[in-house]
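> Let me give you the structure first, and then I'll get to my questions.
Every number in this text was worked out from the coordinates using simple rules, so none of it is lab data. Owing to the predicted nature of the structure, the values given are computational and were not obtained by experimental measurement. Cβ coordinates were reconstructed from backbone atoms using ideal geometry, including for glycine residues, and neighbour counts include every protein chain displayed.
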Amino acid sequence: MPVSEDRKQEIAKSLKRCSEETVAAALRFEETKNLDELPTIILGVLARDAANPRPDGMATVTDDMKLMGDIGMDSFGMIEVMMTAEEVLGLTIATQEMGGIATLGDLKTFLRSKFGASDS
């Protein structure tokens with residue numbers, strides 16, 4: 001289903017300061033609901049919200065890296081990531097659900113599970 005101009009603007013506003021690639025992936029996701037777009041969206045938002053950005057950006061991150069520490073997130077950044085996920089992906093995320101999310105892989109699995117998908 002085509003994305004309305006209003007929704008396109010909402011997504012662009014939510015992803016302000018993210019790369020064009022991130023915004024494009026979010027727009028494709030909005031139209032297709034293809035979960036293959038999630039990694040691009042996730043990495044783009046993490047790159048934007050990292051308190052201590054990695055010198056190489058997100059180019060070399062792996063799913064086993066810790067969000068806080070290895071990827072440079074802090075608790076405020078994680079809240080921003082979850083709020084952005086709610087706005088861009090149309091999810092509702094309870095604060096207590098975030099407790100088990102420590103690595104990039106955990107985050108990807110969690111978001112996929114919110115859409116009823118397994119990570120197999």
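> Using 15 Å as the cut-off for backbone N distance, which residues of the stretch 1-19 belong to the label zone defined by a point 7 Å from the Cα of N34 along Cα→Cβ?
1-3, by backbone N distance to the label point.
> Does a label point 7 Å from the Cα of D6, set along Cα-to-beta-carbon, have any residues of the stretch 24-45 with amide nitrogen under 18 Å, and which are they?
Only 30-31 pass the distance filter.
> How are the alpha carbon pair distances in the chain distributed across 5 Å bins from zero to the largest one, expressed in percent?
Over the chain, the share of Cα pairs per 5 Å bin runs 2, 11, 23, 26, 21, 12, 4, 1 percent.
> Further question on the same structure: Would you kindly state how much longer the chain becomes between F115 and A102 on full extension, computed as 0.36 nm times their sequence separation minus their alpha carbon distance, in nm to one decimal? Please report the intermediate quantities before stating the final value.
Values: separation 13, 0.36 × 13 = 4.68 nm, distance 1.97 nm.
Length gained, F115 through A102: 2.7 nm.
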